[in-house]
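> Pasting a structure here, questions to come.
The values are calculated or read from the model by the stated rules, or taken from the named source; none is laboratory data. From a predicted model like this one, the values you see are computed outputs, not experimental measurements. Because the Cβ atoms are built from the backbone with ideal geometry, glycine has one as well, and the counts that use them run over all protein chains shown. Note: accessible area is taken over every heavy atom of the protein model, side chains too, but ligands, DNA and RNA are not part of it. Shrake-Rupley method; radii C 1.70, N 1.55, O 1.52, S 1.80 Å.
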Amino acid sequence: IDDGAIAEIISIATLEHLRKPNVHHVLQEFFRVMAPGARLRVSTPDIEAIAKGILAGEDPNILNQQLFGKFKGDQTEDYDLHRWMYTAEQMIGVLEEIGFSEVKRIPMDLGMHDPKYTYLITATKRP
């Protein structure tokens, strides 16, 4: 993909399936291919919210799925498992370090995952 070719990127429930160096690389590639003024939206499980749920004694079935991914016993595919997660604050810091601006957590409005255990962050590539 050419530099600056993409107007918007939405990444939902994908980055947590990669190892930390690969997540950083993908985020850098998002920045590279985005046009000036383009918007990024990133949603991943919120490891901080999951940890709070564990400490509060919430449903371990739900928490395990959020923490480890879609565990299906012997039928689990390697890429179904979660390999790395940032807290929302850490993700904001990484995106700012890469060069994104207007980086902030916004209400989860995508309806795909439990908003209690996931976050949604928006960022812009400076024009």
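> Restricting attention to region 88-126, which residues are in contact with a strand residue (DSSP E or B) (Cβ under 6 Å, 6 or more places away or on another chain), of a type outside the set (D, E, K, R), open to solvent by 20 Å² or more (accessible area, probe 1.4 Å) and part of a helix (DSSP H, G or I)?
Correct list: Ile92 only.
> With Arg39, Arg32 as the choices, which residue is part of a strand (DSSP E or B), open to solvent by 60 Å² or more (accessible area, probe 1.4 Å) and on the phi < 0 side of the Ramachandran plot? Break it down into steps so the answer makes sense when it comes.
Working: Arg32 fails: part of a strand (DSSP E or B).
Just one listed residue meets the conditions, Arg39.
> Surrounded by 17 or more Cβ atoms within 10 Å (Cβ to Cβ), within 29 Å of Asp2 (Cα to Cα) and touching a Pro at 6+ places or on another chain (Cβ under 7 Å): does that describe Met85?
On the way: surrounded by 17 or more Cβ atoms within 10 Å (Cβ to Cβ): yes; within 29 Å of Asp2 (Cα to Cα): yes; touching a Pro at 6+ places or on another chain (Cβ under 7 Å): yes.
Judged against the criteria, Met85 is a match.
> Would you tally the residues in region 1-22 being in a helix (DSSP H, G or I), within 18 Å of Arg105 (Cα to Cα) and in contact with a Phe, Trp or Tyr (Cβ under 7 Å, 6 or more places away or on another chain)?
As a first pass, look at region 1-22 and keep what is in a helix (DSSP H, G or I): 15-17, 20-22.
Subsequent filtering for residues that are within 18 Å of Arg105 (Cα to Cα) retains 15-16.
Filter once more, so that each one left must be in contact with a Phe, Trp or Tyr (Cβ under 7 Å, 6 or more places away or on another chain): 16.
Within region 1-22, residues that are in a helix (DSSP H, G or I), within 18 Å of Arg105 (Cα to Cα) and in contact with a Phe, Trp or Tyr (Cβ under 7 Å, 6 or more places away or on another chain) number 1.
> Which of the residues that make up region 76-119 are more than 14 Å from the chain's Cα centre (by Cα), in contact (Cβ under 8 Å) with a residue 40 or more places away in the chain and under 19 Å from Phe31 (Cα atoms)?
Ile98, Gly99, Phe100 - these are the residues of region 76-119 that are more than 14 Å from the chain's Cα centre (by Cα), in contact (Cβ under 8 Å) with a residue 40 or more places away in the chain and under 19 Å from Phe31 (Cα atoms).
> Please work out which one of (1) closer than 21 Å to Ala7 by Cα; (2) surrounded by 16 or more Cβ atoms within 10 Å (Cβ to Cβ) is the condition Asp46 fails and give its number.
(1)
> Given the structure, is Lys52 at pLDDT below 95 and not aliphatic (A, V, I, L, M)?
no
> Pro21 versus (1) touching a Pro at 6+ places or on another chain (Cβ under 7 Å); (2) open to solvent by 50 Å² or more (accessible area, probe 1.4 Å): which is the lone unmet condition?
Going through (1) touching a Pro at 6+ places or on another chain (Cβ under 7 Å); (2) open to solvent by 50 Å² or more (accessible area, probe 1.4 Å) one by one, Pro21 breaks only (1).
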